[in-house]
1. Going through region 109-121 one residue at a time, which ones are within 15 Å of Met34 (Cα to Cα), assigned to a strand (DSSP E or B) and touching a residue at least 60 places away in the same chain (Cβ under 8 Å)?
2. Which number in (1) surrounded by 13 or more Cβ atoms within 10 Å (Cβ to Cβ); (2) within 20 Å of Ser62 (Cβ to Cβ) marks the one condition that Lys43 misses?
3. Please verify whether region 99-115 includes one or more residues that are exposed (fewer than 15 other Cβ atoms within 10 Å of the Cβ), of a type in the set (A, V, I, L, M, F, W, C) and closer than 11 Å to Ile31 by Cα.
4. Considering only region 72-105, state which residues are over 15 Å from Ala49 (Cβ atoms) and of a type in the set (Val, Ile, Thr).
5. Only residues that are in contact with a strand residue (DSSP E or B) (Cβ under 8 Å, 6 or more places away or on another chain) and not in a strand (DSSP E or B): list them for region 89-102, please.
6. Could you go through region 59-79 and let me know if any residue there is in contact with a Ser or Thr (Cβ under 6 Å, 6 or more places away or on another chain) and touching a residue at least 60 places away in the same chain (Cβ under 8 Å).
7. Residue under question is Val50, and the condition is that it be among the hydrophobic types (A, V, I, L, M, F, W, C), in contact (Cβ under 8 Å) with a residue 60 or more places away in the chain and outside any loop (DSSP other than H, G, I, E, B); does it hold?
8. So which residues in region 20-34 are surrounded by 13 or more Cβ atoms within 10 Å (Cβ to Cβ) and either touching a Phe, Trp or Tyr at 6+ places or on another chain (Cβ under 9 Å) or not in a strand (DSSP E or B) (or both), if there are any at all?
Amino acid sequence: QVQLVESGGGLVQPGGSLRLSCAASGTIFSIDAMGWYHRAPGKQRQLVAVIRSGGSTNYADSVKGRFTISRDNAKNTVYLQMHNLKPEDTAVYYCAAVIARSRYESSLNYWGQGSQVTVSS
């Protein structure tokens, strides 16, 4: 069994900062890519940022220069540091990870429970 548990969401004023964390636990052999998605009200879930096992990253154009994704492999944890938040960043943020539970199993996608981020004055 694998679980992704998120923390760090909340309410922040425009221009403020938040840091999301997502820790993977359970039976884990290896973790490849880890990432963050968001789903804004009335919209589909979209990729925000991804970080691969080697450390390479990609960001959605809307968050480049404001958000930073990082990971701590020793803790099986991925972070999303968000600066200069805007009202349009308001969404439920989900972490995701590609995880193999053993050397004999294929990697699967796992999802966190979702964290609400609200940017409002």
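Please treat every number below as a calculation from the coordinates, not as lab data. Keep in mind that what you see is a predicted model, and the values were worked out from it rather than measured. A quick note on method: Cβ atoms are made from the backbone with ideal geometry, for glycine too, and the neighbour counts reach across all protein chains shown.
1. Taking region 109-121 as the starting set, the residues that turn out to be within 15 Å of Met34 (Cα to Cα) are 109-114.
Cutting the leftovers down to assigned to a strand (DSSP E or B) gives us 109-111.
If the condition is that a residue be within 15 Å of Met34 (Cα to Cα), assigned to a strand (DSSP E or B) and touching a residue at least 60 places away in the same chain (Cβ under 8 Å), then Tyr110, Trp111 are the ones that fit.
2. Here Lys43 clears every test but (1).
3. Among the residues of region 99-115, at least one is exposed (fewer than 15 other Cβ atoms within 10 Å of the Cβ), of a type in the set (A, V, I, L, M, F, W, C) and closer than 11 Å to Ile31 by Cα, which makes the answer yes.
4. Matches in region 72-105: Thr90, Val92, Ile99.
5. Of all residues in region 89-102, those in contact with a strand residue (DSSP E or B) (Cβ under 8 Å, 6 or more places away or on another chain) come to 89-101.
Listed by number, the residues that qualify are Asp89, Thr90, Arg101.
6. Yes, region 59-79 has at least one match.
7. Values: among the hydrophobic types (A, V, I, L, M, F, W, C): yes; in contact (Cβ under 8 Å) with a residue 60 or more places away in the chain: no; outside any loop (DSSP other than H, G, I, E, B): yes.
Judged against the criteria, Val50 is not a match.
8. Those that are surrounded by 13 or more Cβ atoms within 10 Å (Cβ to Cβ) and either touching a Phe, Trp or Tyr at 6+ places or on another chain (Cβ under 9 Å) or not in a strand (DSSP E or B) (or both): Leu20, Ser21, Cys22, Ala24, Ile28.
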